[in-house]
Amino acid sequence: MQTPTAGVSTPGSRSSTRRSSRFHSSRYPPGSLTSTRRRSGFRSVSKRKIPQSTPLEETLDPAKAALLTQKQWTVYSVTPMYKFSYTRLREYSRHLSAHIAAEKQKGLAIEVGSEVNLKAKVSCLPGLKGKDSDPLALLVQISSPSPLTRAGTEDRIVWTGWFCGTYTEDDVLEDIPETFTCLPLFLYNGAETLTVVVGAWFQRNFDCCFGKLEISTQDLTWFAAMWTGCEVHGHGAVTELVFSLPVEPRLEISYAIHTEDLKRLWNNIHKSKDEVTLEEVEYLFQCLYSHFSKHFKIHLSATQLVKVTASVASAHREGKVKFLSKDFLVRVLGFITELAMNNIQY
């Protein structure tokens, strides 16, 4: 699975793919997505809108929501898919299953048993959108019949991936041609070898490309600020910030803050109900750094923030996320969609 910003997934193409940091679809006009970013608010670093709840969230199947929450997902950005059709999902399921079988015959180690018959299912995730105009999210599951289960029982899910895009701006998709489907977020949980196979199939059939989405330290500070004070039943006793020290061997500092204390501090800093500003985010962390330095004589400003765990979700710099609340799932996805759009290079 080639990536526009982070290199490679297949051994045979490893050296050549790493030399290429950009991907240009043969069918997608270079610059179209760039102009969309520039016109929208996604490129602004001085402020961000606070995602709001929408009635669409209520249409998300609780069983599907349970499938997506409480798991760690690895996140990629995806360029728009050419001539993808929601009416052909059964056909895609058959073709992807055949592709996986063909790769197994070539000797690919799938990591779930060499004699297992793997089946792929491609389906929709209704309700996983911020606005009516957002494209339907896509769920890809790979299952295997367990040799220990009786006939007629459901197969065991061995790999799950999903494509989605929830947008905070109304005009983000205006410049994207109608022949393309823009689902810029791809998240997976399962064996990396299967991820390579699935990604290669999508790339070959829809002229798209995957790029590993790393979440910068600055974006993690935004993440912490934007979800500070969100009340989720059963979650959020503390907000945890993990910092990496620039030493060898690698050392990390975990900074746990009681959520109520952090909320009171944030309420004294944050002014608007609709947006968060960069100045507010920076001042919040200046206060946290000052408090930590006063008590532990360690200057966190000299470290790197690598992970944030709030009441609604957690995010790691290496592109790992976990959604902790169904009620905030779509809103957190809106933030990560922005990061994914910014990660796509044309």
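The values are calculated or read from the model by the stated rules, or taken from the named source; none is laboratory data. Quick caveat: nothing in here was measured; it's all calculated off a predicted structure. Positions of Cβ are backbone-derived with ideal geometry, glycine not excepted, and every protein chain shown enters the neighbour counts. Surface accessibility is based on the protein's heavy atoms, side chains included, excluding ligands, DNA and RNA. Shrake-Rupley method; radii C 1.70, N 1.55, O 1.52, S 1.80 Å.
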So if I restrict to the alpha-carbon atoms in the range 165-255, what is the Rg, and what is Dmax, the biggest pairwise distance, in Å?
18.7, 51
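Roll a 1.4 angstrom probe over the protein heavy atoms and tell me the percent of accessible area of the range 58-107 that is carbon or sulfur.
50 percent
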Pair ARG264, ALA66: separation of 7 Å Cα→Cβ label points (nm):
3.8 nm
So how much slack lies between GLU248 and ASP175, counting 0.36 nm per residue of separation and subtracting their Cα-Cα distance, in nm?
21.6 nm
Surface accessible to a 1.4 Å probe, per residue, for the residues of the range 169-274, Å²:
47 Å²
If you roll a 1.4 Å probe over the range 232-309 with all protein chains in place, what percent of the accessible area is carbon or sulfur?
54 percent
With Cβ to Cβ distances under 9 Å as the rule, what net charge do the other residues near GLU275 carry (K, R +1; D, E -1)?
+3
Tell me, what ³J(HN,Hα) does each residue in the range 283-299 have, in order and in whole Hz, if you take phi through Karplus 6.51 cos²θ - 1.76 cosθ + 1.60 with θ = phi - 60° and put x for Gly and Pro?
5, 4, 6, 4, 5, 5, 5, 5, 4, 5, 5, 4, 8, 10, 6, 10, 8
